[in-house]
Amino acid sequence: MGDHRVMFVFPEASNIDRVLMGEPWTFDRHLVVPKRMKISDAIEELNFNQTSFWVQVHDLPVRRSSLEVAMEIVSVMGKVDVRMSREGGSSNFNFFRIKVNVDITKPLCRGRRIALASGKEGWVSFKYERLPNICYWCGRLTHSDRECQMWVKSRGTLKVEN
């Protein structure tokens, strides 16, 4: 369909639902963003800026370790799929799995600071399942680190702190 867009036609709606529930999809480690389309939609007007990821929430304090708390913390990234998270988000006592719709034009969130009962701050780490190619300089999924404009503009002098 042009501009790296491909249209797949499914004979049954159940097949489309199964594909959309299986996000994220990749081809050759590059992210593929499927979208449902109506016959009346113009493909140029579809927004391919969001996809869903299973996010693992690690290092929750023991007293605050619940699926509801994990979903609230992860909601900073995007819209949480509560139904999928409840079905597939069970804890293995080390982390919780939450399905989140993420804006892929923004850098991926690596974690979040939280306030502890003692008044101190803690850190909760996020790990993404089935993560495709990613730019390790800026954290975006839209290009690889070799194609990063931030890296190119710095002429190879970009430091990790930046």
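The values are calculated or read from the model by the stated rules, or taken from the named source; none is laboratory data. Everything numeric here is computed off the predicted structure, so don't read it as measured data. Cβ placement follows ideal geometry from the backbone for every residue including glycine, while neighbour counts extend to all protein chains displayed.
Within the range 1-51, can you find the residues that are basic (Lys, Arg), surrounded by 11 or more Cβ atoms within 10 Å (Cβ to Cβ) and part of a loop (DSSP other than H, G, I, E, B)?
35, 36
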*asked:* Looking at the range 58-71, I want the residues that are assigned by TED's automatic domain parsing to the domain that holds residue 123 and have a partner that is of a type in the set (Phe, Trp, Tyr) and surrounded by fewer than 17 Cβ atoms within 10 Å (Cβ to Cβ) with Cβ atoms under 7 Å, at least 6 apart or on another chain. Which pairs are those?
replied: 59/123
*Assess whether residue 56 counts as being surrounded by 13 or more Cβ atoms within 10 Å (Cβ to Cβ) and under 13 Å from residue 94 (Cα atoms).*
yes
